[in-house]
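A.B. asks: Quick one: the structure is below, questions incoming.
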Amino acid sequence: MKKLDEKFVRKIYEEVIDDNLTYYKSAYDNLEISEDLPAETKADILFVQSLSNENKTIFHAHMKQVMIDTISNLFGIIDGSSYLEGFNDGDFELKYGAQIKSTISGDLQDLFLEHVEENQEKLD
């Protein structure tokens, strides 16, 4: 199961953090504001576009850290290492396969944080 857990964690990191961060960098830096965008989105885009390149780098690093913290917390809840009010430790299991052939849980948070540490240089 460990290999499946590791693969799952790597794919979550790649698709949720790397891909989304790439999307947001491109969208916020290059998107032209149109009338059909929600007001909050327009404000976000204007804010990011007003930043210096150095401050954009800081902003993107902060976005990445928020994504990492959120995923880590969720994995901790699934693993039972973090408390979720109203639920008991061990109440959650992540199943994989059409007929629930595999359980993915128990070490997700630790594996994820190890992967984050290994990829720390990719903050930009």
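This table checks each residue for (1) in contact (Cβ under 8 Å) with a residue 12 or more places away in the chain; (2) surrounded by 14 or more Cβ atoms within 10 Å (Cβ to Cβ); (3) among the hydroxyl-bearing types (Ser, Thr, Tyr); (4) over 29 Å from GLU114 (Cβ atoms).
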| residue | (1), (2), (3), (4) |
| --- | --- |
| ILE17 | yes, yes, no, no |
| TYR23 | no, no, yes, no |
| TYR28 | yes, yes, yes, yes |
| LEU31 | yes, yes, no, yes |
| ASP36 | no, no, no, yes |
| LEU46 | yes, no, no, yes |
| GLU54 | no, no, no, yes |
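A.B. asks: Let me ask something else about it. Yes or no: region 47-60 includes at least one residue that is farther than 30 Å from SER34 by Cβ and hydrophobic (A, V, I, L, M, F, W, C).
C.D. replies: Our first condition is that a residue be farther than 30 Å from SER34 by Cβ; within region 47-60, this holds for none.
No, that holds for no residue.
Residue-by-condition table, conditions (1) over 12 Å from the mean Cα position of the chain (by Cα); (2) under 29 Å from GLY97 (Cα atoms); (3) modelled with pLDDT of 95 or more:
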| site | (1), (2), (3) |
| --- | --- |
| LYS2 | yes, yes, no |
| LEU21 | no, yes, no |
| TYR24 | yes, no, no |
| ALA27 | yes, no, no |
| LEU31 | yes, no, no |
| ASP36 | yes, no, no |
| THR41 | yes, no, no |
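A.B. asks: If I ask for residues that are more than 30 Å from ARG10 (Cβ to Cβ) and either in contact with a Phe, Trp or Tyr (Cβ under 6 Å, 6 or more places away or on another chain) or of a type in the set (Gly, Ala, Ser) (or both), which ones from region 52-89 would you list?
C.D. replies: Across region 52-89, the qualifying residues are SER52, GLY86.
A.B. asks: If you don't mind, there's one more thing I want to ask. Which pairs have Cβ atoms under 7 Å, sit 6 or more apart or on different chains, and link a residue in region 60-76 that is of a type in the set (D, E, K, R) to one that is modelled with pLDDT under 95 and surrounded by fewer than 18 Cβ atoms within 10 Å (Cβ to Cβ)?
C.D. replies: Sorted first by the residue in region 60-76, then by its partner, the pairs are LYS64/LEU123.
The values are calculated or read from the model by the stated rules, or taken from the named source; none is laboratory data. The structure displayed is predicted, hence computed values, not measured ones. No Cβ is skipped: glycine too gets one built from the backbone with ideal geometry, and neighbour counts run over all protein chains shown.
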